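Q: There's a structure below that I have some questions on.
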Amino acid sequence: ASTNVGPALFDAETLDKYGKTITEQLRKKNVKAAIVSRSGQPRNKLPDGVMFTHSAFFLYQPETENYAVYNLYHGEENRLVSSLVADTPADFLRLLRERDAGFIIPDQATQEQLYNYITSPKYGAVHQVNYSLISNPYDPRMQNCNEFMLDTLAAMVWDTTDSLAIKARFEQALRPSELKASFIRRHIGPLVDERLVMTDHGDKIWTTTSQTLANFLKDEGRLAAHYALNLETGAEQSLESLAKIR
């Protein structure tokens with residue numbers, strides 16, 4: 001989920017090492033702004049089509065020669081509200097459950113635009129504090145980390161902070177991910193985990209995944225690369241190869 005609080009599977013030294021693997025990859029490619037995703041659940045427990053559970057913006061900081069991570073995290077006392085938090089790659093990886101990360105690299109012009117947007121007062125204008133693990137990107141009532149990033153990309157590309165206008169345009173311009181769930185799962189889920197809010201869903205369960213973010217940038221002609229990275233070896237992997245491991 002979108003949080004950095006909880007028991008870490010890997011020790012601090014390993015998380016620091018994996019964080020450096022991510023930032024070294026970005027520096028090697030001279031990336032100023034990117035989207036990185038990690039899985040907070042074992043991949044074999046995730047729904048079909050979902051490879052990662054949390055994504056964030058990584059922005060290069062020339063003064064430190066490192067990357068700051070811009071996240072949406074839900075609260076702990078109240079897990080149905082969220083806030084925008086900047087932290088470190090190691091913090092971002094705290095709830096990592098798989099030894100890999102997803103990389104979405106925009107083209108150079110979009111990286112520059114994204115950097116300027118996130119470091120401006122406009123960042124956060126489309127933040128919806130009401131949190132759901134599986135929020136519907138077509139509906140403005142709830143939001144999770146991936147949907148916030150999608151809304152932010154749309155606000156930047158389409159030059160608007162009008163959330164209702166963005167959602168209306170998504171009806172024609174978005175390829176979200178559909179989650180399959182039985183009638184029983186749909187109604188039992190919120191009783192097991194209050195973050196599984198269903199009020200913004202209709203007959204189908206639409207949600208935003210890292211693939212949705214990549215699809216949006218690709219459809220807008222702004223995607224340079226989309227792949228996974230083995231955090232243990234530093235080797236690039238295709239997303240298809242991860243899907244086969246499920």
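The values are calculated or read from the model by the stated rules, or taken from the named source; none is laboratory data. No experiment lies behind these values; they were computed from the predicted model shown. A quick note on method: Cβ atoms are made from the backbone with ideal geometry, for glycine too, and the neighbour counts reach across all protein chains shown. The protein model used for the area step is the full one, side chains on, heavy atoms only, and it has no ligands, DNA or RNA in it. Shrake-Rupley method; radii C 1.70, N 1.55, O 1.52, S 1.80 Å.
Q: Residues of the stretch 13-50 being open to solvent by 30 Å² or more (accessible area, probe 1.4 Å) and at pLDDT below 95, which ones?
A: Answer for the stretch 13-50, where residues must be open to solvent by 30 Å² or more (accessible area, probe 1.4 Å) and at pLDDT below 95: Gln41, Pro42, Asn44, Lys45, Pro47, Asp48, Gly49.
Q: Taking the options Glu178, Glu232, Glu240, name whichever one is modelled with pLDDT of 95 or more and either of a type in the set (Val, Ile, Thr) or open to solvent by 30 Å² or more (accessible area, probe 1.4 Å) (or both).
A: On inspection, the qualifying residue turns out to be Glu232.
Q: A follow-up question, please. Pairs please, first residue from the stretch 148-169 and in contact (Cβ under 8 Å) with a residue 60 or more places away in the chain, second anywhere and among the aromatic types (Phe, Trp, Tyr), Cβ atoms under 7 Å, 6+ apart in sequence or on different chains.
A: Met149/Phe57; Leu150/Phe216; Leu153/Phe216
Q: OK, next. Please go through (1) out of contact with any Lys or Arg (no Cβ under 7 Å at 6 or more places or on another chain); (2) surrounded by 20 or more Cβ atoms within 10 Å (Cβ to Cβ); (3) closer than 30 Å to Asp200 by Cα for Ala90 and return the number of the only condition it doesn't satisfy.
A: Failed condition: (3).
Q: Among the residues of the stretch 113-123, are any open to solvent by 50 Å² or more (accessible area, probe 1.4 Å), modelled with pLDDT under 95, over 16 Å from the mean Cα position of the chain (by Cα) and charged (D, E, K, R)?
A: There is no residue in the stretch 113-123 that is open to solvent by 50 Å² or more (accessible area, probe 1.4 Å), modelled with pLDDT under 95, over 16 Å from the mean Cα position of the chain (by Cα) and charged (D, E, K, R).
Q: For the stretch 129-148, which positions are under 15 Å from the mean Cα position of the chain (by Cα) and farther than 19 Å from Leu179 by Cα?
A: Within the stretch 129-148, none qualify.
Q: A follow-up question, please. Could you run through the stretch 128-147 and say how many residues are touching a residue at least 60 places away in the same chain (Cβ under 8 Å), part of a loop (DSSP other than H, G, I, E, B) and touching a Leu at 6+ places or on another chain (Cβ under 9 Å)?
A: Looking only at that region, the number is 6.
Q: Within the stretch 93-112, how many residues turn out to be over 17 Å from Thr53 (Cα atoms), open to solvent by less than 60 Å² (accessible area, probe 1.4 Å) and of a type outside the set (S, T, N, Q)?
A: Residues of the stretch 93-112 over 17 Å from Thr53 (Cα atoms): 105-112.
Next cut, open to solvent by less than 60 Å² (accessible area, probe 1.4 Å) only: 105-107, 110-111.
From the residues that got through so far, the ones that are of a type outside the set (S, T, N, Q) too are 105-107.
Here the count works out to 3.
Q: Can you find even one residue in the stretch 127-136 that is out of contact with any helix residue (DSSP H, G or I) (no Cβ under 8 Å at 6 or more places or on another chain), modelled with pLDDT under 95 and open to solvent by 20 Å² or more (accessible area, probe 1.4 Å)?
A: Looking through the stretch 127-136, at least one residue is out of contact with any helix residue (DSSP H, G or I) (no Cβ under 8 Å at 6 or more places or on another chain), modelled with pLDDT under 95 and open to solvent by 20 Å² or more (accessible area, probe 1.4 Å).
Q: Tell me, yes or no, whether the stretch 207-223 has at least one residue that is among the aliphatic types (A, V, I, L, M), modelled with pLDDT of 95 or more, open to solvent by 10 Å² or more (accessible area, probe 1.4 Å) and not in a helix (DSSP H, G or I).
A: There is at least one residue in the stretch 207-223 that is among the aliphatic types (A, V, I, L, M), modelled with pLDDT of 95 or more, open to solvent by 10 Å² or more (accessible area, probe 1.4 Å) and not in a helix (DSSP H, G or I).
Q: Among the numbered conditions (1) closer than 16 Å to Ser210 by Cα; (2) under 15 Å from the mean Cα position of the chain (by Cα), tell me where Val85 comes up short.
A: (1)
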